[in-house]
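Derivation of every value follows stated rules applied to the coordinates shown; laboratory data play no part. This structure is a prediction, so every number in the text was calculated from the model and none was measured. All Cβ positions, even for glycine, are placed from backbone atoms using ideal geometry, and neighbour counts span all protein chains on display.
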Amino acid sequence: MAEQQSYKLPDKLPGHVGIIMDGNGRWAKNKGLPRTAGHKAGVDAAREIVRFSGDIGLEHLTLYAFSTENWRRPPKEINFLMRLMKRLLRDEVEDLIKNNVKLRVIGNFKNMGKDMVDEINRAIDLTKNVTGLNLNLALSYGGRDEIIMAVNKIIEQVKKGEHPEINEESFKHYLFTEGLPDPDLIIRTSGEMRVSNFLIYQGAYAEYYVTDIFWPNFSPEEFVKALNEYAHRTRRFGKV
Ligand code: FPP
């Protein structure tokens, strides 16, 4: 808490922040280290941001940890990341509970091993009664994939003779993010000006913030800069 007082937080916080954590590889390369060292440092940054988000009373945080496109990385890197995340889910769950963080995982589990899916479900179950920050990990997540899966769920209902009314709001119930508010602010690190298939339906009116900082260097102080910039934006949602 003492640390928190040195930051100047805006009066108005976004309800839901999404983060595209990018630049682990470049961070490592700049230091002459293997990419895996960048991912390990990325985990440390994520841990700090999650803790800080809880401390400042943020309600929803979604971290883009692994995209459907990331399955096209070299098998060695995929294996490393999967092992890393499995270990994280197992080892960090106690800390999540202690810090009052409730976990949810959004994504398509079909390419994951059963042991990974079991680990995910176990961690979700253990934090299910927690009431603080809602942490959503986007794992094997892709916005297009999510929309196609939603359409297929609707087709299944129709085949069964149901007639669901589909509109912009009701469609959200078919997405992985069912029940979550749309992201207000989406942050991307390492300077790329891309959406990369992240929350493309839900983020239609999100404010974007891009920083050149590589993810392992993204600190609470940098987060506060983004929150302050968000607080000064005027959101019109298409209105005048
Ligand atoms: C981003 O850098 C790396 C990822 C999105 C992979 C996984 C993320 C982490 C290990 C961070 C924390 C994870 C969790 C589960 C909280 P990149 O590899 O795309 O870097 P580059 O664009 O510089 O190559």
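A few points about this structure:
- Part-to-part distance (alpha-carbon centres) for the range 9-83 and the range 86-105, which is given in Å: 15
- Note on the range 62-196: semi-axes of the ellipsoid equivalent to its C-alpha gyration tensor, largest first and rounded to whole Å, are 26, 19, 17.
- Theoretical ellipticity at 222 nm over the chain - DSSP helices of four or more residues, -39500 (n - 2.57) apiece, nearest 500: -13500 deg cm²/dmol
- In this entry, the chain is assigned a mean projected area of 14.7 nm², taken as a quarter of its C-alpha convex hull surface.
- Residue order, fewest to most surrounding Cβ atoms within 10 angstrom, among D55, D184, D11, D91: D11, D91, D55, D184
- Unsatisfied cross-links (Cα-Cα over 31 Å) in the set K40/K172; K128/K172; K98/K225; K40/K114; K114/K172; K153/K225: K40/K172; K153/K225
- Excluding the site residues themselves, the longest part of the chain lacking any trypsin sites (Lys or Arg not before Pro) in a DSSP loop with at most 13 other Cβ atoms within 10 Å is 32-127.
- Cα-based shape type of the range 135-226, given that a ≥ b ≥ c are square roots of the gyration tensor eigenvalues and the cut on a/c is 1.5: prolate
- Applying a DSSP loop filter and a limit of 11 other Cβ atoms within 10 Å to the chymotrypsin sites (Phe, Trp or Tyr not before Pro) in the range 143-240 leaves F237.
- Amide H contacts under 5 Å for S140, placed H, 5+ residues apart: F66, S67
- Full-extension gain in nm, I124 to H173, via 0.36 nm per residue minus C-alpha separation: 15.7 nm
- A dipole drawn for the range 130-240 from +1 and -1 charges on Cβ atoms has a positive end, and of A204, Y174, F218 the residue lying farthest that way is A204.
- Magnitude of the charge dipole, the chain, Cβ model with Lys/Arg +1 and Asp/Glu -1, debye to 20: 660
- By the count of neighbouring beta-carbon atoms within 10 Å, fewest first, D145, D115 end up ordered D115, D145.
- Residues whose amide H comes within less than 5 Å of that of L133, counting only those at least five positions distant or on another chain, are K102 (H built at 1.01 Å from N in the peptide plane).
- Taking every alpha-carbon pair in the range 82-157 and binning the separations at 10 Å intervals from zero gives 18, 44, 29, 9, 0 percent.
- Computed Kirkwood radius, in angstrom, where 1/r is averaged over Cα pairs of the range 1-144: 16.1
- Counted charge near V93, where neighbours are those whose Cβ lies closer than 15 Å (Asp, Glu -1; Lys, Arg +1): +3
- Taking T177, T189, T131, T36 and counting other C-beta atoms within 10 Å, the order from fewest to most: T131, T36, T177, T189
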